[in-house]
Structures are given as structure tokens and as C-alpha cells.
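Following: one structure in C-alpha cells, then a few remarks.
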Amino acid sequence: MSKGESAVHVPKAETTTLAVTPFADALQQEADGSLAYDRARWLYVPNDYTEYRYLLGTRGENPLICIGVNPSTARPDALDPTLQSVERIAKANGYDSFVMVNVYAQRATDPKTMDVDFNEFLHQQNLAGFRWLLDRSQGRPAVWAAWGAVVEKRPYLKRCAADLIAAGRERGAAWLHAGALSKAGHPHHPLYLRADAALEPFDAEGYLAVLKNL
């Protein structure tokens, strides 16, 4: 996507009809450094603008892993407002870097245009990216739940969120949230939070009951 394009992403098709690169392969391609962005600063998998995104963030020794609901148009050196907010809040809470993961990896500016049919392969590769981040974190990984009530937009998103929570449990993640929980118990989306919003403990295991009751 060029700088002149509008910051809107409407999916071209259901991701089940597309060739999806496995996370491990996409990670290797990112390491090849074939695209024009600072690899010493940015982590971007896949390393090109495509219909899905596993990881986007900055590199550091003390990263904050943030989980949104699905990617939009952000890429290295062109963060969207949500990612700008994530970066500010990460810094305000003492983290030297951030990495954005999502409940579902398909790009869509409007969640209403996300896949109708669940793409199991895409989900498993997204989980692989999350596990890779957890495994490379020093100490207990800090994971910010930030997907908001949009997780109710598609039935499969509940299962995806539950799988991410399970992956975090396996690796001892410390779950966090910022801002007030919704009436239903969903963690707040980052976009409209104060730049210095404090991160607080999030009961991810208790949240599983919220997902089951939706």
C-alpha cells in the first residue's frame, strides 16, 4: 500500500480462498530483510502488506504484547491510531517496546467485513506467532488484553480469544487491561484511552466464563 492510498482495508475475499503463508515461513521471510524498513527497530510478520498480519511492533528487551481483535492498515513507519495509542501506553507503563497480535489475523478496517467462514489454518498460524512471542519474552510475558466488545462480531472470535488465553496460560503470561471493562466484561479497546492509562491485572481465566455466556 502506498502513502497515497486511503487508510481503509476491505478484505478482497474470504481468507479461506487465499494462499496463507505459515507463520514460520513468514518469520523467515521477515528475517531476510528484503523490504525497506528498519529491521533493527521493527518486527513485521508477514513482511509485506497483505490480507492478514500476524505481528507488528518494535524490538526491545522489555516488550508489552497487546492483543487487539483484528489488524487494520498499520505497518512499519505508518501506525494507525490504534497502534499509536498502544505505543504511547506501553511507554507510559515502563515498557521499551510493544508487539501487536490479534484475536484473528485477517486485515479489515471494519470488523463487519471480516471472514464469515472461520479460517482454521489462519487461526493456528496466528497462535503460532503468539506462542513464538511468549517463548522469546524474558521472564513472565506481559500480555495486554485489548480486543473490546468487537469480539462479539463473529462467533469464531470467542473461540480464538479462548485459545490465546490458553496459550498464555501454558507459558505463564501476566494478563493486563487498561480502562474500564465493558458491562459484559470485555477488556477496553486502546483507541480512546488516555496516553498515560495505567495497565492493571486482568482475570483472563475468569473472562472465559464471559465468552461461554455470550
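The values are calculated or read from the model by the stated rules, or taken from the named source; none is laboratory data. On a predicted model such as this, the values are computed, not experimentally measured, just so you know. Positions of Cβ are backbone-derived with ideal geometry, glycine not excepted, and every protein chain shown enters the neighbour counts.
A compact table of results
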read-out	value
Top-ranked residue in segment 173-194 [being of a type in the set (A, V, I, L, M) and part of a loop (DSSP other than H, G, I, E, B); ranked as modelled with the lowest pLDDT]	191
Exclusive hit being under 19 Å from residue 23 (Cβ atoms), over 16 Å from the mean Cα position of the chain (by Cα) and modelled with pLDDT of 95 or more, set 115, 163	115
Scan of segment 195-212 for residues that are in a loop (DSSP other than H, G, I, E, B) and modelled with pLDDT under 95, ordered by number	195, 196
Matching option when the condition is crowded, with 20+ Cβ neighbours inside 10 Å and either outside any helix (DSSP H, G or I) or modelled with pLDDT under 95 (or both), among 151, 101	101
Flag if residue 90 is farther than 30 Å from residue 17 by Cβ and among the small types (Gly, Ala, Ser)	yes
Matching entry among 90, 26 (being closer than 22 Å to residue 193 by Cα and in contact with a strand residue (DSSP E or B) (Cβ under 8 Å, 6 or more places away or on another chain))	90
Among the candidates 61, 30, residue that is touching a residue at least 60 places away in the same chain (Cβ under 8 Å), among the acidic types (Asp, Glu) and closer than 18 Å to residue 133 by Cα	61
Selected residue (criterion: surrounded by the fewest Cβ atoms within 10 Å (Cβ to Cβ)) from residues of segment 104-147 that are among the aliphatic types (A, V, I, L, M) and assigned to a loop (DSSP other than H, G, I, E, B)	116
Among (1) closer than 22 Å to residue 179 by Cβ; (2) in contact with an Asp or Glu (Cβ under 8 Å, 6 or more places away or on another chain), the one test that residue 107 misses	(1)
Single condition residue 191 does not satisfy, out of (1) touching a helix residue (DSSP H, G or I) at 6+ places or on another chain (Cβ under 7 Å); (2) surrounded by 21 or more Cβ atoms within 10 Å (Cβ to Cβ)	(2)
